[in-house]
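The values are calculated or read from the model by the stated rules, or taken from the named source; none is laboratory data. Keep in mind the model is a prediction, meaning the values are calculated, not measured. Cβ placement follows ideal geometry from the backbone for every residue including glycine, while neighbour counts extend to all protein chains displayed.
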Amino acid sequence: MAFRFFSSKYITDFTTELSNKQSVIIALETIEKLKWYVDSFHDEKSIIIAFTRFSWRSWREEIIITINNGTINIESKCVESQLTDFGKNKKNVSQFISTFNTIKEKLSISDIEHKITELENNLKSAIEID
């Protein structure tokens, strides 16, 4: 008799008509709205790695968002020694997509472009400091 644990990760993708930079801005806004935190951001590859907060229901999940020409791939997976997620990873992905779409509808293209400029300036400043 085989013993099987529930999945400890969930992966899906969705499409958007936005550019990579526009999608990155909305993804970062989504992460902030969900009260997750960004661990790393790879501008050239349009990859964001974030983590959920530790709670009594979760030991944290790692969220990997990859943006490529209108397709956003999102993966939520358990970290530490968590063997099962009890549906938390699928919920994280669903919340991300729903919140992303809500923010996308609320922000104008000029708002997004302004935020892109701010992000690029912040990245340039960070590079100059190093």
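List of remarks:
- Checking the stretch 39-49 against the condition returns no match, with no residue being crowded, with 17+ Cβ neighbours inside 10 Å and of a type in the set (D, E, K, R).
- Those strands (runs of 3 or more DSSP E) lying entirely in the stretch 14-71 with at least 2 residues of a type in the set (S, T, N, Q) and free of Cβ contacts under 8 Å to residues at least 60 places away in the same chain: 61-68
- Of all residues in the stretch 101-115 being β-branched (Val, Ile, Thr) and surrounded by 15 or more Cβ atoms within 10 Å (Cβ to Cβ), the one that is nearest to the chain's Cα centre (by Cα): Ile103
- Just one residue in the set Ser55, Ser76, Ser40, Ser98 is at pLDDT below 85 and of a type in the set (Gly, Ala, Ser); that residue is Ser55.
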